[in-house]
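Read-outs: derived from the displayed coordinates by stated rules, not from any lab. Since the structure is predicted, the reported quantities are computational estimates derived from the model, not experimental observations. When we count neighbours, we look across all protein chains shown, and the Cβ atoms used for this are built from the backbone with ideal geometry, even at glycine.
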Amino acid sequence: MGTVKHKLFGMAKIIRRDGDRITIKYDKDGKEFELKIPDSFITKPCLFVLDAELQREVDAIVEAREEEARILRAEKEAQRAAQREQEKVAQRPSASGTRRVGKTFVAVNRTGDVEKDFAHFLEVNGYSSITVHGTKSTVYSYVNSVKSIMEDEGLTWDSLEKAISSVVRLYDVGGAKEDIGYNGKSTVINALRRFEDFVNNSTP
């Protein structure tokens, strides 16, 4: 049935086997010991030398266990990734609902400086410019997010105003740059939508 050599106690023969358990009997003193395959043979430092047949069996079981562990890790990571994506999608309002349909905005009169007029529009419609700690807040973030998109798209304030509906669709749900639009707690797409609201609720 095979042999096992202990580095301290010498050679032993496998005299019985029951599933993953084997009973070995040492040649020197005749003592019997029960061992479990493969756990008894993969401890470090390993005290056993196995015959070729048993070594192949132990290696096969260890490899199978490692493969099962890899598959389990991959499944768990896939589940976590799917959960993160579901949470990400759940945090995104629908394409129609995110435009604040039905909300009435306070209109503003233009001064000729679109950046300042946009910031003023945000302020008069309830967006804060400074936090309670005195740091720059939503108005600053939205203005700078719009300016960043203008730079990426090669637009000016005037050209953005003319193309704002198309730009919003580009960065909104289902758009080619949706991932950018929803970065930073959706700051980019929200800023673009508010600029669209500004364009529709301001007079020269």
Calculated FRET efficiency for the pair Asp18/Arg84, C-beta based, R₀ 35 Å, to 0.05 = 0.15
inquiry  = I need to check one value: relative contact order of the chain, counting alpha carbon pairs closer than 8 Å and at least 6 residues apart, in percent.
reply    = 14
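Compute the orientation-averaged projected area for the chain from the convex hull of its Cα atoms and round it to one decimal in nm².
Numbers: hull surface 83.4 nm².
It is 20.9 nm².
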query = If you add up the charges near Glu32, with Lys and Arg at +1 and Asp and Glu at -1, over every other residue whose beta carbon is less than 14 angstrom from its beta carbon, what do you get?
reply = +3
key: Simple label model, 7 Å out from Cα along Cβ direction - Ser166 to Lys28, nm   = 8.8
key: the chain: most fluctuating residue of Val114, Val49, Val167 per GNM, C-alpha cutoff 10 Å   = Val49
ask   = Could you give the dipole magnitude of the chain about its Cα centre, charging the beta-carbon of Lys and Arg +1 and that of Asp and Glu -1, in debye to the nearest 20?
value = 520
task = Considering only Lys185, Lys162, Lys103, give the residue with the highest GNM mean-square fluctuation for the chain, with springs between Cα atoms whenever their separation is below 10 Å.
result = Lys103
request  = Kindly state, to the nearest 0.05, the FRET efficiency for Glu53 paired with Ala74, given R0 = 30 Å and r defined as their beta-carbon distance.
outcome  = 0.40
request  = Note down the nm distance, to one decimal, between modelled labels 7 Å out along Cα→Cβ at Val173 and at Glu67.
outcome  = 4.3
query = So, by mean Cβ neighbours within 10 angstrom, what's the order for 7-20, 63-76, 137-150, 169-182 with the highest one leading?
reply = 137-150, 169-182, 7-20, 63-76
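Kindly provide the GluC sites (Glu not before Pro) of the stretch 103-153 that DSSP labels as loop, not H, G, I, E or B, and whose Cβ sees at most 14 other Cβ atoms within 10 Å. Walk me through the numbers on the way to the answer.
Details: sites: Glu115, Glu123, Glu151, Glu153; in loops: none.
Nothing satisfies the criteria.
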